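The values are calculated or read from the model by the stated rules, or taken from the named source; none is laboratory data. All of these numbers come straight from a predicted model, not from anything done at the bench. Please note: Cβ atoms are built from the backbone with ideal geometry, for glycine as well, and neighbour counts cover all protein chains shown.
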Amino acid sequence: MRVYVPLTLPGLAEAHKAGELGPAPLRAYAVTPALREWYVSDDIEELEYAALGRAATASLRLLAEDAAAPRKRVVVALDVADKAVTADEGSDEAALGRVALAAPARLTVAASVHVDADDARADVAAAAGAVTASDAGDDDARSTVDDADEHELLWFGVQEIPGLLA
């Protein structure tokens, strides 16, 4: 199963240094039955893109908690055994697709890393400041978060992590 772990650049640096994502339980996003129902699609690529987007929004929440982190969303895609994943979806829409991994995951099993381009920083900074209000239903804040979502995350191989952190 492909899961998407939201991080910040400092979080990615810690994972790179440790060689693993953790500690457990590790929160991630994946194609879950609830996400399938919400997204109303049977196309696995579309569903995985939706899960990646959910993780990118969760990365905004991490940025909101860490004012010192560079204003870039970071998501690590991992392939893990289905049995390693349990649903962690609460009743709110923000939790759709959320899962938990019972153990830390070696960074070597990462399929890719997704990070915002430099030109997204201003929109991501604004969205990080608005994500809490957006989650509470504020339409103006939701629009600000949507502006960040307009920026596609760039794809990087795991071997490119040192360059991302430089």
**Message:** Contact list please: Cβ distance under 7 Å, first residue in region 80-102 and farther than 15 Å from L21 by Cβ, second residue aromatic (F, W, Y) and buried (at least 18 other Cβ atoms within 10 Å of the Cβ), pairs at least six apart or on different chains.
**Reply:** G97/Y29; R98/Y29
**Count - residues of region 9-30 that are out of contact with any helix residue (DSSP H, G or I) (no Cβ under 6 Å at 6 or more places or on another chain), assigned to a helix (DSSP H, G or I) and of a type in the set (G, A, S)** = 2
**Message:** Of all residues being of a type in the set (A, V, I, L, M, F, W, C) and under 9 Å from the mean Cα position of the chain (by Cα) in region 1-57, which is surrounded by the fewest Cβ atoms within 10 Å (Cβ to Cβ)? Just the residue, please.
**Reply:** L52
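If you scan region 34-56, which residues turn out to be in a helix (DSSP H, G or I) and free of Cβ contacts under 8 Å to residues at least 12 places away in the same chain? Give the derivation first.
If we filter region 34-56 for residues that are in a helix (DSSP H, G or I), which is where we start, we get 34-39, 44-56.
Result: R36, E37, Y39, E45, E46, Y49.
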**Fill in**
Listed by first then second residue, the pairs whose first member lies in region 8-28 and is over 20 Å from V80 (Cβ atoms), whose partner is surrounded by fewer than 18 Cβ atoms within 10 Å (Cβ to Cβ) and modelled with pLDDT of 95 or more, with beta carbons under 9 Å and at least 6 positions apart or on separate chains, are T8/E65; T8/D66; T8/P70; L9/P70; P10/D66; P10/A68; P10/P70
**Asked** Taking the condition under 15 Å from D135 (Cβ atoms), among the charged types (D, E, K, R) and in contact with a strand residue (DSSP E or B) (Cβ under 9 Å, 6 or more places away or on another chain), does R54 pass?
**Response** yes
